[in-house]
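Here's the structure, in structure tokens; my notes come after.
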Amino acid sequence: MRQNVIFDNDVLRALTEVLSELKGNKVFFLTDDNTQKLVLPYFNTLLEECQASVITIAPGDVNKNLSTVEQVCLALQKGGATRNSVVVNLGGGVVTDLGGFAAATFKRGIRFVNVPTTLLSAVDAAVGGKTGVNFGGLKNEIGVFCEAVAVLISTRFFSTLPLEEIKSGFAEMLKHGLLKGTETYQKLLSFDFTSVDNDAFLNLLTESVNVKRVIVEQDPTEKGLRRALNLGHTAGHAFESMAMERNKPVPHGYAVAWGLVVELVLSNLLKGFPSENLYGLAQFVYSHFGAFYITCDDYDSLLNLIHHDKKSVSGECNFSLLKNIGEVEVDCRVDDDTVKAAFDVYRDLMHI
């Protein structure tokens, strides 16, 4: 089934139409402190028209946990939410992931609409039906597959974001470009972060999101092809978890960008991915994302995190790798020594 994804910079009109069609007996807007202040006022007339309740959570990945889910569910309960109610997740990836999980499990499931306000959530978290929270120091360890009844994607709110947030989402677009083909990928490598036109960017974003949609439609619960979307994430999640352990968290997309470098090194070593494309990607990542600092003393800890990754079936290192741009191979089991060799090359490419 094709997920209802609406690309429109007139978000107020689009969301009004969606909620009118859903006819929920109660409407709840879930925001974090940032979107409540910067974005929610844009919807004031709609809030009044549908007498919506607002639930606000603390921002940041550190709050993407079961304790916050409990807070949301208590607010839904006290607000009289029923299975006929609708939750509007208005925010970044934390809000759409956590809000989707809360809605999918409260009373065994109530409908929810995702309105991503960051590039990262628009291109990744809000689309595809993955919901969940972090647990036990691991990313998205608890969650369910449950699609939003609608996703409203725009570039309207990106002006409220710092450049770091735009770059974080752009890493997921890079991944989609690598999966799609050379033409799409080259458009991304020439993107100018200093001059963003909302309408032109919406076209680029639409192309990127549709790469994910096509894959998800064929494999909604990640039994095979959808694992292609994990490109960059096995190593990336390990970097992200290590950063959290160091009490120096990094944006998700930055970790994915560094993970793409590691996994294209593996692709080069094991699948013959062209060296010139590896060097080009590494140069782009280093120029725009910097580097995640590791030494050989970190390798065992990173490997331990990779072994605990959700894609690992029996504790092995499991990657999605590329034979070339647009040619992906999933479920590639890689031995520890080869992963360590890839970390060595990563350090060289990232000037560590």
Complete set of residues in segment 131-189 that are touching a Leu at 6+ places or on another chain (Cβ under 8 Å), over 23 Å from residue 260 (Cβ atoms) and without any contact (Cβ under 8 Å) to a residue 60 or more places away in the chain: 131
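Taking the stated definitions as given, is residue 124 part of a helix (DSSP H, G or I), among the charged types (D, E, K, R), touching an Asp or Glu at 6+ places or on another chain (Cβ under 6 Å) and more than 18 Å from residue 322 (Cβ to Cβ)?
Details: part of a helix (DSSP H, G or I): yes; among the charged types (D, E, K, R): yes; touching an Asp or Glu at 6+ places or on another chain (Cβ under 6 Å): yes; more than 18 Å from residue 322 (Cβ to Cβ): yes.
Yes, satisfied.
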Just checking, which of 121, 154 is within 25 Å of residue 245 (Cα to Cα) and either at pLDDT below 90 or open to solvent by less than 10 Å² (accessible area, probe 1.4 Å) (or both)? 121
Conditions: (1) open to solvent by 30 Å² or more (accessible area, probe 1.4 Å); (2) over 16 Å from the mean Cα position of the chain (by Cα); (3) farther than 17 Å from residue 324 by Cα. Residue 183 meets all but one. Number of the miss? (3)
Being surrounded by fewer than 19 Cβ atoms within 10 Å (Cβ to Cβ), assigned to a helix (DSSP H, G or I) and out of contact with any Phe, Trp or Tyr (no Cβ under 7 Å at 6 or more places or on another chain): is that true of residue 12 here? no
Test residue 280 against the stated conditions and say whether it is part of a helix (DSSP H, G or I), within 26 Å of residue 164 (Cβ to Cβ) and under 20 Å from the mean Cα position of the chain (by Cα). no
Do we have any residue at all in segment 76-87 that's closer than 21 Å to residue 15 by Cα, open to solvent by less than 30 Å² (accessible area, probe 1.4 Å), of a type in the set (S, T, N, Q) and touching a residue at least 60 places away in the same chain (Cβ under 8 Å)? yes
Within segment 320-336, track down each residue that is farther than 20 Å from residue 211 by Cα and within 20 Å of the chain's Cα centre (by Cα). none
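Rundown of residues vs (1) surrounded by fewer than 16 Cβ atoms within 10 Å (Cβ to Cβ); (2) touching a Gly at 6+ places or on another chain (Cβ under 6 Å); (3) closer than 23 Å to residue 244 by Cβ; (4) not hydrophobic (A, V, I, L, M, F, W, C), yes/no style:
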residue: 284; (1), (2), (3), (4): no, no, no, no
residue: 318; (1), (2), (3), (4): no, no, yes, yes
residue: 332; (1), (2), (3), (4): no, no, no, no
residue: 337; (1), (2), (3), (4): yes, no, no, yes
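Just to check your reading of the model, which residue among 235, 228, 200, 243 is small (Gly, Ala, Ser), touching a Gly at 6+ places or on another chain (Cβ under 6 Å) and in a helix (DSSP H, G or I)? Spell out how you get there, then give the answer.
Values: 228 fails: touching a Gly at 6+ places or on another chain (Cβ under 6 Å); 200 fails: touching a Gly at 6+ places or on another chain (Cβ under 6 Å); 243 fails: touching a Gly at 6+ places or on another chain (Cβ under 6 Å).
Answer to the check: 235.
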Number of positions in segment 45-60 that are in a loop (DSSP other than H, G, I, E, B) and aliphatic (A, V, I, L, M): 2
Residues of segment 45-90 being more than 16 Å from residue 31 (Cβ to Cβ) and basic (Lys, Arg), in sequence order, are 78, 83
Does residue 31 fit the bill of being assigned to a helix (DSSP H, G or I) and crowded, with 19+ Cβ neighbours inside 10 Å? no
Being within 22 Å of residue 255 (Cβ to Cβ) and part of a helix (DSSP H, G or I) is the filter; apply it to segment 61-75 and report the residue that is most open to solvent (accessible area, probe 1.4 Å). 62
Residue list for segment 88-110, filter: surrounded by fewer than 22 Cβ atoms within 10 Å (Cβ to Cβ) and assigned to a helix (DSSP H, G or I): 105, 106, 107, 108
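The rows are residues; the columns are (1) of a type in the set (D, E, K, R); (2) open to solvent by 10 Å² or more (accessible area, probe 1.4 Å).
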{"residue": "189", "(1), (2)": "no, yes"}
{"residue": "194", "(1), (2)": "no, yes"}
{"residue": "197", "(1), (2)": "yes, yes"}
{"residue": "206", "(1), (2)": "no, yes"}
{"residue": "213", "(1), (2)": "yes, yes"}
{"residue": "223", "(1), (2)": "yes, yes"}
{"residue": "226", "(1), (2)": "yes, no"}
{"residue": "246", "(1), (2)": "yes, yes"}
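The values are calculated or read from the model by the stated rules, or taken from the named source; none is laboratory data. Bear in mind that the values here come from a model prediction, so they are computed numbers and not experimental data. FYI the Cβ positions are ideal-geometry reconstructions off the backbone, even for glycines, and counts take in every protein chain you see. Ligands, DNA and RNA are excluded from the accessible area calculation, which covers all protein heavy atoms including side chains. Shrake-Rupley method; radii C 1.70, N 1.55, O 1.52, S 1.80 Å.
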